[in-house]
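Structure first, commentary second.
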Amino acid sequence: MDDLRELYQTTILDHNKRPRNFGPLEGATRTADGHNPLCGDKLKVYVALESDGSVGDVSFEGEGCAISTASASMMTEAARGKPREEVQATLERFHGLVTSDPTTDPNLEGLGKLAVFAGVREYPMRVKCATLAWHTLQAALDGQTDPVKTE
Ligand code: ZN
């Protein structure tokens with residue numbers, strides 16, 4: 001777990017400093033807003049759905065803490081170009097990971113780079129920061145128009 005913890009720190013710092021797919025998305029067919037009042041994180045997620053329902057492209061913008069920004073940045077990389085079912089499965093695995101008991105071995109199956117978020121388990125206050133982007137993506141995919149709130 002020590003390697004993962006170090007990777008967690010460096011990955012969060014990197015994605016916070018240089019968020020990927022940041023800014024409005026031209027040709028977006030869905031958008032959703034997310035807000036985590038506990039921390040003050042605010043995100044807007046843009047999705048361009050393909051005609052087969054898969055996620056063609058995805059971007060985000062907003063302001064928040066390092067964890068929410070890094071999580072959103074990595075969410076866009078993980079979801080881009082993926083079939084809807086695969087995005088859904090990743091979302092559920094990610095949520096399962098960050099909300100699992102920190103004293104148990106994390107289940108990192110199918111998470112790829114997102115595995116670094118196992119580090120969030122040790123900071124329960126930060127779980128909502130890490131999941132905000134994914135909940136907001138879910139809302140965009142579902143065509144939900146009310147803003148997502150973590151509270
Ligand atoms: Zn936050």
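The values are calculated or read from the model by the stated rules, or taken from the named source; none is laboratory data. Remember, it's a predicted structure, so these values are computed and weren't measured experimentally. No Cβ is skipped: glycine too gets one built from the backbone with ideal geometry, and neighbour counts run over all protein chains shown. In case anyone asks, the SASA skips ligands and DNA or RNA and just uses the protein heavy atoms, side chains included. Shrake-Rupley method; radii C 1.70, N 1.55, O 1.52, S 1.80 Å.
Among THR131, THR104, THR31, which one moves the most in a GNM of the chain with springs linking Cα atoms closer than 10 Å? Most flexible of the set in this elastic network: THR104.
Between GLU86 and ARG20, take the C-beta separation as r, use R0 = 22 Å, and let me know the FRET efficiency to the nearest 0.05. Intermediate results must be reported in sequence, preceding the final value.
Values: r = 19 Å, r/R0 = 0.85.
Result of the calculation: an efficiency of 0.75.
Name the residue, out of ARG18, ARG30, ARG93, whose mean-square fluctuation peaks in a Gaussian network model built on the chain with Cα pairs under 10 Å. Judging by the Gaussian network model, the answer is ARG18. Diagonalising the gyration tensor over the Cα atoms of the range 2-144 and scaling each eigenvalue by 5 before taking the square root yields semi-axes of 24, 16, 13 Å, largest first.
Taking 15 Å as the straight-line reach from the Cα of LYS44, the aspartates and glutamates in range (excluding those fewer than 8 positions away in the same chain) are GLU26, ASP33, ASP57, GLU61, GLU63, ASP142, ASP146.
Can you send over the carbon and sulfur percentage of the accessible area for the range 2-144, probe radius 1.4 Å, protein chains only?
Details: 3410 of 6980 Å².
Roughly 49 percent of what the probe reaches on the range 2-144 is carbon or sulfur.
So, R0 is 35 Å and r is the distance between the beta-carbons of ARG5 and GLU63; what FRET efficiency does that work out to, to 0.05? That pair, ARG5 with GLU63, gives E of 0.85.
Averaged per residue, what accessible area in Å² does the chain show with a 1.4 Å probe, protein chains only? Walk me through the numbers before you get to the answer.
On the way: 7690 Å² over 151 residues.
Per residue, the chain has an accessible area of 51 Å².
Quickly estimate the mean residue ellipticity at 222 nm for the chain, helices only: each DSSP H run with n ≥ 4 gives -39500 (n - 2.57), and the total goes over all residues, rounded to 500. Rounded to the nearest 500, it is -13500 deg cm²/dmol.
Taking the empirical scaling 2.2 N^0.38 Å for compact globular proteins as reference, the range 72-121 has a Cα radius of gyration ratio of 1.11. Only beta bridges with both residues in the chain are counted; by DSSP, about 85 percent of them are antiparallel.
When only Cα pairs under 8 Å and 6 or more residues apart are kept, what is the percent relative contact order across the chain? Please report the intermediate quantities before stating the final value.
Working: 281 pairs, mean separation 47.2, N = 151.
Answer for the chain is 31 percent.
Filter the DSSP H helices in the chain by two things, a Kyte-Doolittle mean of at least -0.5 and an axial alpha-carbon span of 15 angstrom or more, and list the hits by number. Correct list, ordered by number: 66-79, 84-98, 127-142. Each label was represented as a point 7 Å from its Cα along the Cα-to-Cβ direction; for SER54 and THR103 these points are 4.4 nm apart. Among THR136, THR103, THR76, the largest mean-square fluctuation in a Gaussian network model of the chain, built with springs joining Cα atoms closer than 10 Å, belongs to THR103.
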